[in-house]
Amino acid sequence: MNPRKRIQNLISEAVSRAVSEGLLPPVEVGDIEMERPKRREHGDWSTNIAMAVAGRVGKKPREVAEAVLGCIQDDPGLLSGVEIAGPGFINFHLSPATLRNVLLEVGRKGPMYGSSNTGKGRKVQVEFVSANPVGPLHVGHGRWAAFGDTLANVMAHCGYDVEREFYINDYGTQIRNFGKSISARYLELLGQQVEFPEGGYAGHYVTEIARRIVAEHGDEFKSVSEEDRVTRFVEMEYPRMLESIRETLVKMSVDFDAWFSERELYDRGEVSETLDELKGDGYAYEKEGALWLRTSSFGDEKDRVLVRSNEEPTYFASDIAYHHDKIRRGFEILIDVWGADHHGYVPRMKAAMAAMGYDPECLVVVLGQLVKLFRSGEPVIMSKRTGEIVTLDELLEEVGVDAARYFFLQRSHDSPLEFDIELAKKESPENPVYYVQYAHARICSILNYSGISESDISDPKGVDLELLGEEAEFELLRKISELEEVVEYSAQKYVPHRLTGYAEELASLFHAFYRDCRVVTDDEGLTRARLFLVSCARRVLAVVLGLLGVTAPEKM
RNA sequence: GCCCCCGUAGCUCAACAGGAUAGAGCAACUGCCUUCUAAGCAGUAGGUUGCAGGUUCGAGUCCUGCCGGGGGUGCCA
């Protein structure tokens, strides 16, 4: 049992003892809230239970705290002190032995350190990126790639059964516009005057595609109908585009478990099947020649169209069928990562879940804000209209995957990200990626210098942990002990960026330790104890960097 | 108009389900390499958390109103 739970038990036992001794009136305390105090002198763990309960028992918070404190019977060896502070907090200080024991857990769990079973094997699907296969990924996609992948890592570490999925919008207007755009460029290259299609893709890559078609097929498609030419180009080119997207994602170290095609959803009849079910349940109805879903009965502002009067299903219709399919595949939690510009879509999708008879809560939509690119403080001008964008490939080429992923994961998903390309490239202290990686490399260097192999060090039997007694050592131990909470919080709140903060704190405490404590000395016992400590710190850094998808270099 | 997100140090951002004296990094200034990586460390300075109310033992965090920025509000995706 971890110290947090042991302390919670001490408190609840103390409360019942205080009640039976008549110091407190009978009171239901429920879950005992535990927090990490911000200030060191407030101990390792703190509870506000006295303040929370004070009103209900008609006593002052400090009186309640004293009653509880008086009834606490220490779990032997766990604590070195308990006291009441401030308005009525009860603060707990872990004993040195408890802190040192965290190293044994790191040694035991290795790469699984920080993992837990809070997810209880629940099936989770994280769907992210899901870019239309009509152009290269841009830097915004890069942010969602890093976010989704790390969120999946973090949830897996918490004991969820996680799958990563990419939804391919290979049906409908967008893919058609892609074909039309290629067609227009193709005809231009063959010397015809054509108007560029409305909603077409103006990027230079489209012209490159057309040029390649001309080179390979000449004017073969010049005389066929526009309709046929567009269809032909779509069939020829979207699989290639999808393949290049896949390659870019591989460079981002993102590996999807599933690629789900919208077109196949139609081909299997799942869209019409879903619509029939909704009609059968009375949630879909005809009006003005279109089919509508009664989303307003489930909290949406108004009803939404499923099938237009021209018989074309909307994107919404296939999206419902898609989510229906996800549930039928057994996923209990569906996480959709969408751009913030889709936020108006959330209530209707939740409503659709409810209409299908599912709990809307099982759908979690994470909305992400934009990435603004900078170069040495100057904004990089991009225009969607003219197609002048910086692609994810170009960014990766320039800054590398480690810096890219780290930068994407530094900020909360709901605030816009400023990404400075020059800063990401800099191998200097301004760049936090290197700060963290440097701590890892520095430890490797110490281990190497010691001449003792790490596998030898990690056997705690030959180590006397009691030799660890410096404040800098305890600080490091405390931070190491926090990983599980950080990982759990990141998973529960869908905030994987917390990990970058943790990594920097851990690195910083290691660097401070390095200043205060020399590891390799003539004192063999102390050397072994400290080698064990830094080896554990290294492994924890490696775990965190691994979750972030960033490499942990041995040398820099 | 209505809905959603954001507003915290000069800049970029943290702040765990409301907690104790709001924290980092960068930029600025001052020190520290004959000893395991100076891509490092230590220190100084920097704030009425956009504004005004409210809720309570306690508010950056919750509620109301206002100001400012972004997004949405389609038989588009």
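The values are calculated or read from the model by the stated rules, or taken from the named source; none is laboratory data. Just so it is clear, the model here is predicted, and its values are computed rather than measured. Methodologically, a virtual Cβ is constructed for each residue, glycine included, from the backbone with ideal geometry; neighbour enumeration extends over all protein chains shown. Ligands, DNA and RNA are stripped out before the accessible areas are found, and what is left, the full protein with its side chains, is counted by its heavy atoms. Shrake-Rupley method; radii C 1.70, N 1.55, O 1.52, S 1.80 Å.
Roughly to the nearest percent, how much of the accessible area of the range A:173-251 is carbon and sulfur, given a 1.4 Å probe? All intermediate terms of the calculation are to be shown ahead of the outcome.
Details: 2020 of 4210 Å².
Here carbon and sulfur together make up 48 percent of the probe-accessible area.
Report the net charge of residues surrounding A:Glu397, where surrounding means a beta-carbon distance below 15 angstrom and charges are Lys +1, Arg +1, Asp -1, Glu -1.
Net charge in that neighbourhood comes out at -2.
In the range A:85-135, what trypsin sites (Lys or Arg not before Pro) fall in a loop by DSSP, with at most 13 other Cβ atoms inside 10 Å?
Details: sites: A:Arg100, A:Arg108, A:Lys109, A:Lys120, A:Arg122, A:Lys123; in loops: A:Lys120, A:Arg122.
For trypsin sites (Lys or Arg not before Pro) across the range A:85-135 that sit outside H, G, I, E and B with at most 13 neighbouring Cβ atoms in 10 Å, the list reads A:Lys120.
Describe numerically, in nm with one decimal, the distance between label points set 7 Å from Cα along Cα→Cβ at A:Lys5 and at A:Val520.
Placing both labels 7 Å along Cα→Cβ, they lie 4.0 nm apart.
Restricting to DSSP loop positions (anything but H, G, I, E, B) with no more than 15 other Cβ atoms inside 10 Å of their own Cβ, which GluC sites (Glu not before Pro) remain in the range A:23-113?
Of the GluC sites (Glu not before Pro), the ones in loops of the range A:23-113 whose Cβ has at most 15 other Cβ atoms within 10 Å are A:Glu28, A:Glu33.
Please give the contour-minus-distance gain from A:Arg263 to A:Asn117: 0.36 nm per residue of separation, less the Cα-Cα distance, rounded to one decimal in nm.
Length gained between A:Arg263 and A:Asn117: 48.9 nm.
Quick one: which residues, 5+ away or cross-chain, put their amide H under 5 Å from the amide H of A:Gly368? H built at 1.01 Å from N.
So A:Gly368 has HN proximity to A:Trp338, A:Gly339, A:Ala340.
Distance from a point 7 Å along Cα→Cβ of A:Lys222 to each backbone N in the range A:181-204: keep the residues under 13 Å and list them by number.
A:186-193
Percent antiparallel among DSSP beta bridges with both residues in chain A, to the nearest 5?
Percent antiparallel among DSSP bridges in chain A is about 50.
Would you mind counting up the charge near A:Ser296? Only other residues with Cβ under 12 Å from its Cβ, with Lys and Arg at +1 and Asp and Glu at -1.
+1
Leaving out ligands, DNA and RNA, and with a 1.4 Å probe, what % of the accessible surface on the range A:305-456 is carbon or sulfur?
Roughly 51 percent, rounded to a whole number.
Sequence-distant or interchain residues sharing an amide H contact under 5 Å with A:Glu33, placed H: which?
A:Asn48
So how tilted is helix A:498-516 from the main axis of chain A? Cα-based, degrees 0 to 90, rounded to 10.
The angle comes out at about 40 degrees.
Under a 1.4 Å probe, what is the accessible area of chain A per residue, stated in Å²? If you can, show how the numbers build up before the last one.
Numbers: 25530 Å² over 556 residues.
For chain A, the per-residue accessible area is 46 Å².
Just to confirm my numbers, what's the Cα centroid distance between the range A:240-293 and the range A:496-533 in Å?
After rounding, the separation between the Cα centres reads 50 Å.
Pairs A:Lys109/A:Lys493; A:Lys180/A:Lys251; A:Lys302/A:Lys372; A:Lys251/A:Lys479; A:Lys5/A:Lys38; A:Lys5/A:Lys479: which exceed 26 Å Cα-Cα?
Over 26 Å apart, Cα to Cα: A:Lys180/A:Lys251; A:Lys302/A:Lys372; A:Lys251/A:Lys479.
Could you sort the peptides A:50-59, A:188-197 by per-residue average Cβ neighbour count (10 Å cutoff), highest mean leading?
A:50-59, A:188-197
Relative contact order of the range A:173-251, please, whole-number percent, based on alpha carbon pairs below 8 angstrom and at least 6 residues apart.
38
Enumerate the amide H contacts of A:Arg304 below 5 Å, restricted to partners 5 or more residues apart or on another chain; note that Pro and chain-start residues carry no placed amide H.
Residues meeting the criterion, in which the H sits 1.01 Å from N, are A:Leu293, A:Thr295, A:Ser296.
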